[in-house]
Amino acid sequence: MHTFTIEGFCDWCQTPSFVTKHEYIDGLCHHSCEKCLSFAIMDVKQFNQAEIEFRNRSSAQS
Ligand SMILES: [Zn+2]
């Protein structure tokens, strides 16, 4: 559930707006406005999936 209560800056369209927080698996976070929400969700999901795959591969090798 995403709420747009943070007054900030959208990391996707680079526009000041009310934004929601997206957290990455590695501890980073980005913010997106309502307009960019679907892009943001997709981006974060892809990043996290790649990161999980990378971690699985690294742990399999060691
Ligand atoms: Zn935006």
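The values are calculated or read from the model by the stated rules, or taken from the named source; none is laboratory data. This one's a predicted model, so the numbers in the text were calculated from it and none came from an experiment. As a convention, Cβ positions derive from the backbone with ideal geometry for all residues, glycine included, and neighbour counts pool all protein chains shown.
A few notes on this one:
- Within the stretch 1-15, restricting attention to residues that are more than 10 Å from the ligand (Cβ to nearest atom) and farther than 14 Å from Val44 by Cα, the residue that is modelled with the lowest pLDDT is Met1.
- Number of residues in the stretch 42-62 that are loosely packed, with under 14 Cβ neighbours inside 10 Å and within 21 Å of Phe4 (Cβ to Cβ) equals 2.
- For the stretch 22-40, the set of residues classified as more than 10 Å from the ligand (Cβ to nearest atom) and within 19 Å of Glu51 (Cα to Cα) consists of His22, Glu23, Tyr24, Ile25, Asp26, Gly27, Leu28, Cys29, His30, listed by residue number.
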